[in-house]
Amino acid sequence: MVQDKRGFLAQIFIALMIFSALVGAWSIAFMIAWPKDKTDVWKPEFRVIALCANKEPCGLAHKDLAEAKEKGIYTSLTPSEPAGDIQEENNWLKWKIEKGIFEVKSSSWYFQTTIRYTVENDVPILLDYQDVDVPRAFYYGIAAGLFSLMGIYLRRLRG
């Protein structure tokens, strides 16, 4: 077996870098694998993409759709481009339309909500949504990274 001749601080630094990479990888894996809820019940804060009166895409909360339509804030619930993103005051709104299904992702530092819906007769119909709790996914990533790092170092001791 080859003896590691690096200093103690160098070994700690390498372990912390490996730990950081593992936490990042595990956190992303947890966010991707977060369960989707198949329901047709809209939460009032869900953001939908619309074509506003100024012909630019904009995001509207589902609870505000009827009022916004009456005031003429938006003209259609189908934007002019099939994909894009806009920055709103508190979050990013990213959308993609494929085969009539809208996938709209609203995200910030502490949350990520993805909804999938169709539009029939200018009314959005919810198919499913994924409401990722980013801090919780990060905490799970820390725990999984710690166990992975322990496994790596235990394996090194054994071999």
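Rule-based calculations on the coordinates, nothing more; no lab input. For clarity, every value in this text was computed on a predicted model and none was experimentally measured. All Cβ positions, glycine included, derive from the backbone under ideal geometry; neighbour counts span all protein chains shown.
Numbers at a glance
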| read-out | value |
| --- | --- |
| Percent RCO, i.e. relative contact order, over region 1-103, from Cα pairs under 8 Å lying at least 6 residues apart | 17 percent |
| Label-point separation, Ala68 to Phe111 (7 Å along Cα→Cβ), nm | 1.6 nm |
| Loop GluC sites (Glu not before Pro), region 65-159, which have at most 11 other Cβ atoms in a 10 Å radius of their Cβ (DSSP) | Glu89 |
| Region 100-140 shape via C-alpha gyration tensor axes, a/c threshold 1.5 | prolate |
| Helix axis angle, 134-158 relative to the chain longest principal axis, alpha carbon, degrees | 20 degrees |
| Gyration tensor (alpha-carbon) shape descriptor, region 1-97, a/c threshold 1.5 | prolate |
| Under DSSP loop assignment and at most 16 Cβ neighbours within 10 Å, longest chymotrypsin sites (Phe, Trp or Tyr not before Pro)-free interval of the chain | 1-108 |
| Computed Kirkwood radius, in angstrom, where 1/r is averaged over Cα pairs of region 12-159 | 17.4 Å |
| Folded to 0 to 90 degrees: helix 8-33 orientation relative to the chain principal axis, Cα | 30 degrees |
| Cα Rg, Dmax (largest Cα-Cα span) when computed across region 77-147, Å | 15.1, 51 |
| Proximal lysines relative to Lys69, as straight alpha-carbon distance under 24 Å, when same-chain residues fewer than 8 apart are discounted | Lys43, Lys55, Lys94, Lys96, Lys105 |
| Between region 1-73 and region 82-145, the alpha-carbon center distance in angstrom | 8 Å |
